[in-house]
Amino acid sequence: MKKLTPLLGALCLSLAAGCSSDQSSCPKETSEESFCAKGALLATNAELEAAASSEWVLAEQNIPSEQPLQIPTQRKTTLAAKDGRLYGCSGVNRYGMSVTFTDGKPSFKPGMSTMMAGPEADMRFERAFLKALSSVQTFTLQGDDTLILSSADQPRLLVFTRPQQAEAGKK
């Protein structure tokens, strides 16, 4: 199993870069369905910040919705973590929210979001994405290139990859 190292502690320096207009080992055993057998379950702010020290790009979403949701293509949907906060681009706007861990489970406090308008489909996705993000119960690092966020009823709610893997998958 892979152990997280503090060397990954440097964090995303530019939130704006993630929202640019460019198109372009288990710390503990668990019986929950958290992909722990395949990756590292992140159960503290330090572990999350070490894993999300650089920007991740949303590659897959399984957000429950009455209408189909598509990941916006005009701007990348991103995630990074620093100082007990998650932040990034939610497809149209930048977001930030506090995250703390108690007994290995994350809890979130409402944060901020810029207030730009976008295409209705992108705005619908953004609202669903932010709601889904605040429902996350586990963060799992799978290898060096996949970060899986799971909720109580969706083991692969949001799946992020490092930017180079995200770009390679689009070709």
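The values are calculated or read from the model by the stated rules, or taken from the named source; none is laboratory data. What you see is a predicted model; the values in this text were computed from it and never measured. Quick reminder, even Gly has a Cβ in these numbers, built from the backbone with ideal geometry, and neighbours come from all protein chains shown.
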Kindly provide the set of residues from segment 149-171 that are among the small types (Gly, Ala, Ser), out of contact with any Leu (no Cβ under 9 Å at 6 or more places or on another chain) and modelled with pLDDT of 90 or more, ordered by number. 152
Please go through segment 79-110 and pick out each residue that is closer than 24 Å to residue 122 by Cα and among the small types (Gly, Ala, Ser). 80, 81, 88, 90, 91, 96, 98
Residue under question is residue 145, and the condition is that it be of a type in the set (Asp, Glu) and modelled with pLDDT of 95 or more; does it hold? no
Residue under question is residue 71, and the condition is that it be of a type in the set (A, V, I, L, M), within 17 Å of residue 163 (Cβ to Cβ) and in a loop (DSSP other than H, G, I, E, B); does it hold? yes
Looking only at segment 138-146, decide whether some residue is in a strand (DSSP E or B), of a type outside the set (Phe, Trp, Tyr) and surrounded by fewer than 14 Cβ atoms within 10 Å (Cβ to Cβ). no
Is there any pair linking a residue in segment 36-56 that is within 16 Å of residue 79 (Cβ to Cβ) to one that is modelled with pLDDT of 85 or more and of a type in the set (D, E, K, R), with Cβ under 7 Å and at least six apart or on different chains, and which? 49/82; 56/162
Only one of 10, 43, 16 is touching a Pro at 6+ places or on another chain (Cβ under 7 Å) and at pLDDT below 90. Can you tell me which? 43
When residues of segment 86-103 are filtered for being surrounded by 17 or more Cβ atoms within 10 Å (Cβ to Cβ) and either basic (Lys, Arg) or assigned to a loop (DSSP other than H, G, I, E, B) (or both), how many remain? 4
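Results for (1) among the small types (Gly, Ala, Ser); (2) under 13 Å from the mean Cα position of the chain (by Cα); (3) at pLDDT below 95; (4) at positive phi, shown as yes or no for each residue.
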| residue | (1), (2), (3), (4) |
| --- | --- |
| 86 | no, yes, yes, no |
| 90 | yes, yes, no, no |
| 110 | no, no, yes, no |
| 114 | no, no, no, no |
| 124 | no, no, no, no |
| 127 | no, no, no, no |
Looking at residue 73, is it closer than 17 Å to residue 132 by Cα and among the polar types (S, T, N, Q)? no
